[in-house]
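Input: a single structure, listed below in C-alpha cells.
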Amino acid sequence: MSDDKSQVKIRFFTREKDEALQLQDTPMYVPVQLKRYGLSEIVNQLLSTTHATEDDTAPTPFDFLIDGQLLRTSLDDYLAKNGLSSEASLDIEYTRAVLPPSFLSSFSNEDWISSIDVTSGATMPQRSIITGSYDGIVRTWNLSGQVEKMYSGHSGPIRSVKFVSNTRLVSAGNDRTLRIWKTKNAPAAAAAAEDEDEIAVEEGKTLAILEGHGAPVVSLDVSESTSRIVSASYDKTIGIWSTDYKAMTAVDPMEELNKLTNNKVSTAAKKRRKLALKDGSIRRRAPLSLLESHTAPVEQVIFDRNDNTVGYSVSQDHTIKTWDLVTSRCVDTKTTSYSLLSIAQLPTLNLLACGSSARHITLHDPRVDSASSKITQQQLVGHKNFVVSLDTCPENEYMLASGSHDGTVKVWDIRSNTPMYTITRENGETKDKIFAVRWAEKIGIISGGEDKKVQINKGDDIFKRE
C-alpha cells in the first residue's frame with residue numbers, strides 16, 4: 001500500500017479495570033507495519049513511563065481490537081482490508097492476551113453426555129465434575145477421570161444436572177421428572193435438621209421425585225440463597241421448586257394411576273406411570289408454581305445472578321422472557337427471528353448471551369425496552385450449526401465459551417464478533433455434536449456430547465505472561 005516508513009495515527013484505550021494497565025488518552029503515530037507484538041511493546045513502554053515501574057518488570061502481553069475485530073495482521077493489512085488509507089485515525093483497544101485453551105484430559109463415558117456441572121463451596125476443596133447422560137445415569141468424577149459415584153433412577157435420558165449443596169444434587173430428563181439426590185449424609189452440625197425419613201435414605205439414592213411437567217425437562221438452575229430450583233420443559237412451561245422437598249406439596253402416585261385408568265390416555269403415559277410406581281416408596285412432590293407464557297418448547301431457564309427473584313428463559317418460540325419469580329409473572333418478552341436454544345448471563349455487563357438455531361450468539365440487554373428497534377446489541381458469528389450451550393469465564397467478565405452441534409467449543413471475547421479460539425475433540429475431529437460446556441474455576445473448560453467423553457481444556461489462570 002505504501003512504503004515501510006509510512007505511519008498511521010492511533011489512540012490506545014482499554015476497558016481493563018486494573019489501574020496499572022491504564023494509559024493517558026494521547027494520540028500518536030506508529031509505523032503501519034506493526035503487528036500485535038510491536039503494539040504490545042509500545043503499550044508496555046508507555047505503561048512503564050506512566051506508572052514509573054521498574055525496567056526489569058515482566059512485560060504484559062496484550063491483544064488488540066479495532067472496531068470489534070481482533071487484530072491478527074499488521075496495521076497495514078488491516079487498513080487495506082477495510083479500504084482505509086494511512087491517513088485514517090484508529091482507536092485501538094488493548095486487553096490482556098489470553099492463553100489458548102490447550103487440551104488437558106478426557107474421560108470416557110457409557111453414553112452421550114447431555115449436561116455438565118461441578119461441585120463448589122468452601123466445604124468441598126476437592127472439586128468434582130458432575131455429568132448427566134443419555135443412559136439415564138448421573139455420575140460424579142474426580143479430576144483424574146475416575147467415577148466417584150453413580151445415581152440411577154431416571155427412566156429416560158438425563159437432560160440437565162445441577163449441584164445443589166455438598167449433600168444434594170438435582171437432575172431432570174426425558175422422563176418428565178426432576179430428582180433430588182442425596183450425595184452424602186449431612187455433617188453433624190446440620191444432621192439435626194434432617195428428619196428420620198431423610199436419614200434413612202442411603203447415599204446415592206433419590207430423596208424426592210418432583211412431578212408436574214408434561215414433557216421432557218431439559219434445563220435446570222439452582223439458587224442457593226433462596227433454596228429454589230427452576231426448570232424448563234418442552235411442555236412450554238417453567239417450573240419453580242424448592243431444594244427442600246418438605247416445602248412442596250406431596251403427590252400421591254396411586255391417585256394419578258387411577259386417573260389414568262379411568263380416562264382415555266395413551267399406553268405410553270400409563271407405562272410411564274407404572275414404571276414410576278416401581279419407586280413407590282420414594283416421596284413425590286408437586287411444583288411450587290408452573291409459569292406459562294411461552295408458545296413453544298422452552299430450551300433453558302436461569303436465575304439472574306444479581307437478583308435471584310428474577311429469571312430469564314429462552315424458547316423455540318424465538319423469545320427471551322424475563323420473569324418475576326416472586327409473583328410468577330412474565331414481565332418482559334423480547335422477540336427475535338430464530339429459535340433460541342441456550343442462554344448465559346454476563347452479570348457485570350448487564351448482558352444476556354443467547355445461542356440460536358441460526359448458528360450465532362446474540363447479546364441482549366434485558367433493561368432495553370422490548371419496543372425498541374435495538375433488541376440485539378451484538379452478534380457473535382462463527383459456529384456452523386445450532387449453539388446449544390453457553391457458559392461464562394470465571395476470570396474475565398467479557399469472555400464466554402459456546403458448545404455447538406458443529407462439534408466444536410468456541411471461546412469468545414465479546415468485544416470482538418469473531419471467536420478467539422476453537423476447541424475440537426482430542427483427535428481433532430468435529431463430527432460429533434457438543435451438547436454441554438461448563439467453564440469452571442480451578443478446572444477449565446469442560447465439554448461433552450455425542451463422542452461420550454468428558455473433555456477438559458485449559459481455562460484456568462488464562463492470562464499470558466511473558
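The values are calculated or read from the model by the stated rules, or taken from the named source; none is laboratory data. Worth saying up front: this structure is predicted, and the values here are computed from it rather than measured. Cβ placement follows ideal geometry from the backbone for every residue including glycine, while neighbour counts extend to all protein chains displayed. Only protein heavy atoms, including side chains, enter the accessible area calculation; ligands, DNA and RNA are left aside. Shrake-Rupley method; radii C 1.70, N 1.55, O 1.52, S 1.80 Å.
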Determine whether the stretch 74-97 contains at least one residue that is within 24 Å of the chain's Cα centre (by Cα), open to solvent by 20 Å² or more (accessible area, probe 1.4 Å) and not small (Gly, Ala, Ser). yes
Would you pick out the residues in the stretch 220-244 that are of a type in the set (Gly, Ala, Ser) and surrounded by fewer than 24 Cβ atoms within 10 Å (Cβ to Cβ)? Ser223, Ser225, Ser227, Ser242
Can you tell me which of Arg425, Arg415 is over 20 Å from Ser115 (Cα atoms) and of a type in the set (Lys, Arg)? Arg415
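Which residues, taken from the stretch 315-331, are surrounded by 17 or more Cβ atoms within 10 Å (Cβ to Cβ) and either more than 21 Å from the chain's Cα centre (by Cα) or β-branched (Val, Ile, Thr) (or both)?
From the stretch 315-331, those surrounded by 17 or more Cβ atoms within 10 Å (Cβ to Cβ) are 315-323, 325, 330; that's our starting set.
Matches in the stretch 315-331: Thr319, Ile320, Thr322, Cys330.
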What's the total number of residues in the stretch 98-114 that are open to solvent by 10 Å² or more (accessible area, probe 1.4 Å) and among the aliphatic types (A, V, I, L, M)? 2
When the residues of the stretch 234-248 are narrowed to those that are assigned to a strand (DSSP E or B) and of a type outside the set (A, V, I, L, M), which ends up farthest from Arg329 (Cα to Cα)? Ser242
Using beta carbons and a limit of 6 Å, which pairs, at least six apart or on different chains, have the first residue in the stretch 329-350 and within 17 Å of Leu390 (Cβ to Cβ) and the second one crowded, with 22+ Cβ neighbours inside 10 Å and acidic (Asp, Glu)? Leu341/Glu299; Ala344/Asp391
The residue from Leu346, Leu341, Leu390 that alone is more than 19 Å from Pro297 (Cα to Cα) and either open to solvent by 40 Å² or more (accessible area, probe 1.4 Å) or modelled with pLDDT of 95 or more (or both) is Leu346
Somewhere in the stretch 349-362, is a residue open to solvent by 30 Å² or more (accessible area, probe 1.4 Å), farther than 26 Å from Pro419 by Cβ and not in a loop (DSSP other than H, G, I, E, B)? no
Can you confirm whether the stretch 2-14 contains a residue that is of a type outside the set (Ser, Thr, Tyr), at pLDDT below 95, under 30 Å from Ile129 (Cα atoms) and surrounded by fewer than 16 Cβ atoms within 10 Å (Cβ to Cβ)? no
When you scan the stretch 400-419, how many residues do you find that are open to solvent by less than 20 Å² (accessible area, probe 1.4 Å) and at pLDDT below 95? 4
Turns out the strands (runs of 3 or more DSSP E) fully within the stretch 374-443 with at least 2 residues that are in contact with a Pro (Cβ under 7 Å, 6 or more places away or on another chain) and closer than 19 Å to Leu341 by Cβ are 409-413
When you look at Ala58, is it among the small types (Gly, Ala, Ser), under 37 Å from the mean Cα position of the chain (by Cα) and over 29 Å from Leu380 (Cα atoms), yes or no? yes
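Here's the yes/no breakdown for (1) in contact with a Lys or Arg (Cβ under 9 Å, 6 or more places away or on another chain); (2) at pLDDT below 95; (3) open to solvent by less than 20 Å² (accessible area, probe 1.4 Å):
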residue: Ile116; (1), (2), (3): yes, no, yes
residue: Pro125; (1), (2), (3): no, yes, no
residue: Gln146; (1), (2), (3): no, no, no
residue: Pro157; (1), (2), (3): no, no, no
residue: Glu198; (1), (2), (3): yes, yes, yes
residue: Val201; (1), (2), (3): yes, yes, no
residue: Leu210; (1), (2), (3): yes, no, yes
If you scan the stretch 444-466, which residues turn out to be under 26 Å from Phe62 (Cβ atoms) and either open to solvent by 50 Å² or more (accessible area, probe 1.4 Å) or in a loop (DSSP other than H, G, I, E, B) (or both)? Lys458, Gly459, Asp460, Asp461, Ile462, Lys464, Arg465, Glu466
When both residues are 6+ apart or on different chains and their Cβ atoms are under 9 Å apart, which pairs have a first residue that lies in the stretch 13-28 and is more than 11 Å from Arg96 (Cβ to Cβ), and a second that is part of a loop (DSSP other than H, G, I, E, B) and open to solvent by 70 Å² or more (accessible area, probe 1.4 Å)? Phe13/Asp25
Hits in the stretch 297-314 (condition: under 20 Å from Gly173 (Cβ atoms) and open to solvent by 10 Å² or more (accessible area, probe 1.4 Å)): Pro297, Glu299, Gln300, Ile302
Can you name the strands (runs of 3 or more DSSP E) wholly within the stretch 20-134 that have at least 3 residues being over 30 Å from Asn174 (Cα atoms)? 28-31, 62-66, 89-96
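For the stretch 13-55, give me each residue that is of a type in the set (Asp, Glu) and under 29 Å from Gln378 (Cα atoms).
Hits for the stretch 13-55 are Glu16, Asp18, Glu19, Asp25.
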Every residue from the stretch 165-174 that is open to solvent by 20 Å² or more (accessible area, probe 1.4 Å) and either modelled with pLDDT of 95 or more or not in a loop (DSSP other than H, G, I, E, B) (or both): Ser165, Arg168, Asn174
Given (1) assigned to a loop (DSSP other than H, G, I, E, B); (2) crowded, with 17+ Cβ neighbours inside 10 Å; (3) of a type in the set (D, E, K, R), Lys334 misses just (1)
